[in-house]
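A.B. asks: The structure that follows is given in the form of structure tokens.
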Amino acid sequence: MENEQVVTSDAMNSIAMEIIMLAGDARLCASKALKAVAGGNFDDIDRSLEDAKKKLAAAHGLQTAIVQSEGEGKKHEHTFLFIHAQDTLTAVLSEMNMIKQLKPVLRRYEDRIAALERRLGNG
């Protein structure tokens with residue numbers, strides 16, 4: 001193949017760093033959401049999760065573009081940094097999933113406590 005396009009390791013590392021930075025920013029937003037879960041602040045949970053979701057979507061878009069271009073026949077010089085970026089993205093996506101699942105649990109406990117307080121005349 002004479003005209004074979006190859007994405008160099010430098011280009012892959014540049015994309016990897018973007019993914020890592022976006023995933024890291026998303027992790028910070030997810031941490032804020034987790035702190036909001038601990039404090040029972042549902043508005044802050046939603047806001048932080050939405051911010052994290054946007055950053056993860058951008059990071060996932062970069063990764064997906066690489067996967068799709070490879071599927072179209074473009075060659076990539078994969079690097080350990082890109083593997084690390086994929087690992088980081090996957091870990092943050094898992095963390096986000098867990099935090100999202102905590103929100104309804106917290107809401108249920110809040111509702112139960114409020115009902116008990118009303119029954120006891122404290123609310």
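The values are calculated or read from the model by the stated rules, or taken from the named source; none is laboratory data. These numbers were taken from a predicted model, which means no experiment stands behind them. Positions of Cβ are backbone-derived with ideal geometry, glycine not excepted, and every protein chain shown enters the neighbour counts.
A.B. asks: Go through 25, 111, 46 for me and flag whichever is surrounded by 15 or more Cβ atoms within 10 Å (Cβ to Cβ) and of a type in the set (D, E, K, R). Give the derivation first.
C.D. replies: Working: 111 fails: surrounded by 15 or more Cβ atoms within 10 Å (Cβ to Cβ); 46 fails: surrounded by 15 or more Cβ atoms within 10 Å (Cβ to Cβ).
One residue alone meets the criteria, 25.
A.B. asks: Six or more apart or on different chains, Cβ atoms under 8 Å: show the pairs whose first residue is in region 108-123 and part of a helix (DSSP H, G or I) and whose second is at pLDDT below 90.
C.D. replies: 110/40; 114/123; 117/123
A.B. asks: Which condition from (1) assigned to a loop (DSSP other than H, G, I, E, B); (2) at pLDDT 90 or above; (3) of a type in the set (A, V, I, L, M) is the one that residue 16 breaks?
C.D. replies: Just one mismatch for residue 16, condition (1).
A.B. asks: Condition check: of a type in the set (A, V, I, L, M, F, W, C), closer than 17 Å to residue 22 by Cα and under 9 Å from the mean Cα position of the chain (by Cα). Does residue 49 satisfy that? Don't jump to the end; show me each part of the working.
C.D. replies: Details: of a type in the set (A, V, I, L, M, F, W, C): yes; closer than 17 Å to residue 22 by Cα: yes; under 9 Å from the mean Cα position of the chain (by Cα): yes.
In short, yes.
A.B. asks: Condition first: touching a residue at least 12 places away in the same chain (Cβ under 8 Å), part of a helix (DSSP H, G or I) and charged (D, E, K, R). Now tell me which residues in region 69-106 satisfy that.
C.D. replies: Hits for region 69-106 are 95, 100, 103.
A.B. asks: If you don't mind, another one. Could you list, in sequence order, all residues of region 66-101 that are farther than 30 Å from residue 37 by Cβ, loosely packed, with under 14 Cβ neighbours inside 10 Å and not charged (D, E, K, R)?
C.D. replies: Taking region 66-101 as the starting set, the residues that turn out to be farther than 30 Å from residue 37 by Cβ are 66-83.
Next cut, loosely packed, with under 14 Cβ neighbours inside 10 Å only: 67-68, 70-75, 77, 80, 83.
Listed by number, the residues that qualify are 67, 68, 71, 73, 80, 83.
A.B. asks: Name the residues in region 85-123 that are hydroxyl-bearing (Ser, Thr, Tyr) and closer than 26 Å to residue 26 by Cα, would you? Walk me through how you get there before you give the answer.
C.D. replies: So the first thing to find is which residues in region 85-123 are hydroxyl-bearing (Ser, Thr, Tyr), and the list is 88, 90, 94, 109.
88, 90, 94 - these are the residues of region 85-123 that are hydroxyl-bearing (Ser, Thr, Tyr) and closer than 26 Å to residue 26 by Cα.
A.B. asks: Using beta carbons and a limit of 6 Å, which pairs, at least six apart or on different chains, have the first residue in region 16-39 and more than 15 Å from residue 84 (Cβ to Cβ) and the second one part of a helix (DSSP H, G or I) and among the basic types (Lys, Arg)?
C.D. replies: Listed pairs, sorted by first residue: 25/55; 26/55.
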